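One structure below.
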Amino acid sequence: MNTVDLHTLTGAYALGALSGREAAEFARHLAQCEACAREVRELQETAARLALAVAEVPPAALRTRVMAALPEVRQLPPAAREARVIPLHRRARRRLPYLAAAACLAVAAVAGGLAVNARYDADRQRDRTARAEAQAAEISALMTAPDATFHTTAFKGGGSGTVVASRRMGRTAFLYHGLPALPERRVYELWYSRNGTMVPAGLVEPGRSSGTMLLTGGPQGADGVGVTAEPPGGSSSPTSPPLGLLRV
């Protein structure tokens, strides 16, 4: 088994699904790989939380029904009760198959939950990657369009931005750099200026000081792009003076 294979066994090891030889080999690997050791700890903690999550509390009426049924239950005579006494070690052996089955079911439930979560996270990551790649390709085509225009300005409070627009493509991109963090959890919002009316054109991703984004809508009929600081989630119309205005 090579090192690459070992890195993929964290989930199986955390659930006790490895053979004795594989488990011993992976345990030696854990002593030298902090990343795998951390992942195993996280998986074991997640498994414990999932096991607790499937526990069920008996309904409140169950005790009442049981107590009400007790007078109708026939009690065995002493001899019969004695004959049915089973030594502790025999009872333990009889319970072992049921305990093993319950343990297998719990492990299967935990493993299934982990697999679903892992697939969901992988799908989300693939979606984010696909969207980022599609946006990068569109911005690259926009910047090389024959009719592309570029306008740059510095913003009040710091940072700068460039608007790239192509009316032929009907798209506009905003490239920004060095935007300072905003107070009170406010966000940067972009606006198209159309005949004196400011139309929302998108939000800059919170927490990012530099980056690139495509604006919502196209530059047709717009004479400029403005940038303001707005409450979380943005506004339908500007609530603060513009930090910068760029021609389109």
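The values are calculated or read from the model by the stated rules, or taken from the named source; none is laboratory data. Keep in mind that this is a model prediction, so the values were computed, not measured. We place every Cβ from the backbone using ideal geometry, glycine too, and count neighbours over all the protein chains shown. Heavy atoms of the whole protein, side chains included, go into the accessibility calculation; ligands, DNA and RNA do not. Shrake-Rupley method; radii C 1.70, N 1.55, O 1.52, S 1.80 Å.
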Open item on the list: Of everything in segment 122-178, what is in a helix (DSSP H, G or I), open to solvent by 80 Å² or more (accessible area, probe 1.4 Å) and of a type in the set (S, T, N, Q)? Give them in sequence order.
Closed with: GLN125
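Among the small types (Gly, Ala, Ser), in contact with an Asp or Glu (Cβ under 9 Å, 6 or more places away or on another chain) and at pLDDT below 95: does that describe GLY217?
Here the answer is no, as GLY217 does not meet what is asked.
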Open item on the list: One residue is enough: does segment 223-236 have a residue meeting the conditions surrounded by fewer than 18 Cβ atoms within 10 Å (Cβ to Cβ), part of a loop (DSSP other than H, G, I, E, B), over 27 Å from the mean Cα position of the chain (by Cα) and not small (Gly, Ala, Ser)?
Closed with: yes
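So which of THR216, THR239 is closer than 27 Å to ARG131 by Cβ, β-branched (Val, Ile, Thr) and not in a strand (DSSP E or B)?
Unique residue meeting the criteria: THR216.
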- [ ] Give segment 187-213 a look and list any residue that's farther than 12 Å from TYR176 by Cβ, among the polar types (S, T, N, Q) and in a loop (DSSP other than H, G, I, E, B), or say none.
- [x] ASN195
